[in-house]
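Shown next, in C-alpha cells, is the structure this report addresses.
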C-alpha cells in the first residue's frame, strides 16, 4: 500500500453540500407577530391588544379611549344579541357626479370595503340591561362619519319611529366631519331634517340621550349631537364645529387650555356629564329609569 502523497483518498458517494454562511451561526429567533401590541396615543404605554379589547378599548394605564367601530360599540352598549338593525339596505348615491382626487362612486366603494359598512351610520332597536331603546351611531372610519343623505335619512327614520313608540332614543356621535361635500345641498339639508325630527320627538315627550365621542365635529356637532335632553361625553373627546387651528387663525388669538375637549365643554355648561366607556351602560340605564319614573310610567 502506498503511503506517499499519491495515496488513494476515500471517495464520497454523496458529498455534503456547502452550507450557506448565514445558516452556520445561531438560529434566528421568531419575531413577534404584528398587531399583538399597540402603543397608547396618550401615555405611550405598550398595550397587549387582547387586554385592550377586554377593557372596552381603553388604555389600562391612563384611561385613553381608543377608536371603536360602530358594531363593536353596539356590543359594548347593548345586551347580547338584542340589536335589530334597521334600514340597512339604504345605499348612498352620487347625485352630483362629484369627483375630487377620485370619483365619489369609487370613494364609496373603497370605504365600504375598508370598513365593512354600507354608510357612516348604523341604526336600530335593542335592549340595554333589559330596557328597550332605539340606538343610532355614526362611525368616523367612513369618510370621517360625515353626514350624507343616507346618514340623515337613517337618523330621521329612527327618530320618527322613536316618536311613534315614545321609546328612549340614544345617538352616539363619532363624526369628525360635517355635511359631506360630495353630495352638496343634499347633504347640507340633512342637518335641518334630523333636527326637525328631533323637535317633533321632543314635543311628543320623548327622551333623547346624545353621547359624544372623539371626534364630534362639524355639522354633526352643530345639529343633532347638541340637541340631546341629556348630553354625555367620553373623557377628552374633541367636540366642536371648526377645529382648534382654524378657530385660532380666524379669531387671531391663542385658545384656552383644553379648548374643545369634553372637560372644557363640561366646565362651560355645554355637556351635562363625562362618563368613561366602561360605565356608560350603567349611566344610561339609570337616566332612563329616572326619567321614566318622572313621567309616571
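The values are calculated or read from the model by the stated rules, or taken from the named source; none is laboratory data. Computed from a predicted model, the values in this text were never measured in an experiment. Glycine gets a Cβ as well: all are built from the backbone with ideal geometry, and neighbour counts include every protein chain shown.
Quick notes on this structure:
- Yes/no for residue 73 being surrounded by 11 or more Cβ atoms within 10 Å (Cβ to Cβ), at pLDDT below 95, under 23 Å from residue 114 (Cβ atoms) and touching a strand residue (DSSP E or B) at 6+ places or on another chain (Cβ under 7 Å): no
- Restricting region 247-284 to residues that are touching a residue at least 60 places away in the same chain (Cβ under 8 Å) and buried (at least 16 other Cβ atoms within 10 Å of the Cβ), the residue that is nearest to the chain's Cα centre (by Cα): 277
- Among the residues making up region 53-67, those that are under 15 Å from the mean Cα position of the chain (by Cα) and either in a helix (DSSP H, G or I) or at positive phi (or both) are 53, 56, 57.
- Given (1) within 14 Å of the chain's Cα centre (by Cα); (2) closer than 29 Å to residue 94 by Cα, index of the condition residue 211 fails: (2)
- Output for region 181-214, where each listed residue is surrounded by 20 or more Cβ atoms within 10 Å (Cβ to Cβ), in contact (Cβ under 8 Å) with a residue 40 or more places away in the chain and assigned to a helix (DSSP H, G or I): 182, 183, 187, 190, 194, 197, 201
- Number of the exception - residue 255 against (1) in contact with a helix residue (DSSP H, G or I) (Cβ under 6 Å, 6 or more places away or on another chain); (2) outside any loop (DSSP other than H, G, I, E, B): (2)
- Selection count where residues are farther than 15 Å from residue 278 by Cβ and either touching a helix residue (DSSP H, G or I) at 6+ places or on another chain (Cβ under 8 Å) or buried (at least 20 other Cβ atoms within 10 Å of the Cβ) (or both), scope region 47-70: 3
- Of the residues in region 138-146, at least one is within 30 Å of residue 286 (Cα to Cα), in contact with a strand residue (DSSP E or B) (Cβ under 6 Å, 6 or more places away or on another chain), modelled with pLDDT of 95 or more and in a strand (DSSP E or B).
- Within region 269-297, considering residues that are modelled with pLDDT of 95 or more and outside any helix (DSSP H, G or I), the one farthest from residue 76 (Cα to Cα): 269
- Hits in region 101-128 (condition: surrounded by fewer than 19 Cβ atoms within 10 Å (Cβ to Cβ), in contact (Cβ under 8 Å) with a residue 40 or more places away in the chain and over 30 Å from residue 278 (Cβ atoms)): 107
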